[in-house]
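The values are calculated or read from the model by the stated rules, or taken from the named source; none is laboratory data. On a predicted model such as this, the values are computed, not experimentally measured, just so you know. Quick reminder, even Gly has a Cβ in these numbers, built from the backbone with ideal geometry, and neighbours come from all protein chains shown. Side chains included, ligands, DNA and RNA excluded: accessible areas come from the protein's heavy atoms. Shrake-Rupley method; radii C 1.70, N 1.55, O 1.52, S 1.80 Å.
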Amino acid sequence: MKHAPLIACLPILLLAACGRTEPVADMPSQEELAAAANAAAANALESQQADESADSRNYGNLDRGFSVTLPEGWVIDKGASNDDGVVYEDPGAGADVRVFWQKNEGDETLQQTVEALNSGSEGVDGDFVGDNEYRGTANDGEGNNVAVRLLRQPGGAVVTATFVYPEMLSEQYQGIAEKLLDSLRVFAPRGASDETQMPAAAANAAQPS
């Protein structure tokens, strides 16, 4: 508790005041002490709320083995989110990010997964980063740009993150999309290993530029 030192010192301050010859008016009044304590408490509360706000931007799914950091001010779409992933939206501009885990039933390579993704959309233009990562961009044909990142977990499952934003706002959102996709991390899902903590980065995760 931040105010414990101040409270502990109050009896000593009062005893010292009794032995001094200065007028009592020179000492802080009870109202001034109370105002100072209230101000300190307000600052502590504000700091705590700021920390909580920062924590709320970090989404981690221990059961599926991935984490991502969301832009400030974005809100979760609870109806579109489930145990396999999450959807967050920018309430002001129609942009959203979807991060979902998908079990690899057929033990497909990441290249095969990307081919399937391309066949079901307008086509994604991108590059592979090693065997376990893919980064690309696309247009959904409805005036929106799409930034995509896929990461393949050691067990074969794939985590796909798609950041969709209006094409006319590319200048505003392109940097945000890159930063968000850079923050995506994969790790061993809970129960698949003894580790339950999220590492700072996975071996197959690209580092932010």
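Residue-by-condition table, conditions (1) open to solvent by 50 Å² or more (accessible area, probe 1.4 Å); (2) of a type in the set (D, E, K, R); (3) free of Cβ contacts under 8 Å to residues at least 60 places away in the same chain; (4) not in a helix (DSSP H, G or I):
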| residue | (1), (2), (3), (4) |
| --- | --- |
| 126 | no, no, yes, yes |
| 137 | yes, no, yes, yes |
| 159 | no, no, no, yes |
| 174 | yes, no, yes, no |
| 178 | yes, yes, yes, no |
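Does residue 113 satisfy the condition of being open to solvent by less than 50 Å² (accessible area, probe 1.4 Å) and over 24 Å from residue 173 (Cβ atoms)? Yes; evaluated as a whole, the condition is true for this residue. Regarding residue 184, is this residue within 19 Å of the chain's Cα centre (by Cα), closer than 15 Å to residue 64 by Cβ and at pLDDT 85 or above? Yes: the conditions hold for residue 184.
Could you list all residues from the stretch 68-115 that are polar (S, T, N, Q), closer than 26 Å to residue 143 by Cα and at pLDDT below 90? Working first, answer last.
Of the stretch 68-115, the ones polar (S, T, N, Q) are 69, 81-82, 102, 104, 109, 111-113.
Filter once more, so that each one left must be closer than 26 Å to residue 143 by Cα: 69, 81, 113.
Hit for the stretch 68-115 is 113, nothing else.
Scanning the stretch 75-108 for residues that are in contact (Cβ under 8 Å) with a residue 24 or more places away in the chain and either of a type in the set (S, T, N, Q) or exposed (fewer than 15 other Cβ atoms within 10 Å of the Cβ) (or both) turns up 93, 94, 102, 103, 104, 107. Restricting 106, 155, 130 to residues that are part of a loop (DSSP other than H, G, I, E, B) and at positive phi narrows the list to 130. Just one of (1) open to solvent by less than 60 Å² (accessible area, probe 1.4 Å); (2) among the β-branched types (Val, Ile, Thr); (3) farther than 28 Å from residue 83 by Cβ fails for residue 148. It is (3). Note on the stretch 143-170: among residues that are among the aliphatic types (A, V, I, L, M) and in contact with a Ser or Thr (Cβ under 7 Å, 6 or more places away or on another chain), the one that is nearest to residue 103 (Cα to Cα) is 158.
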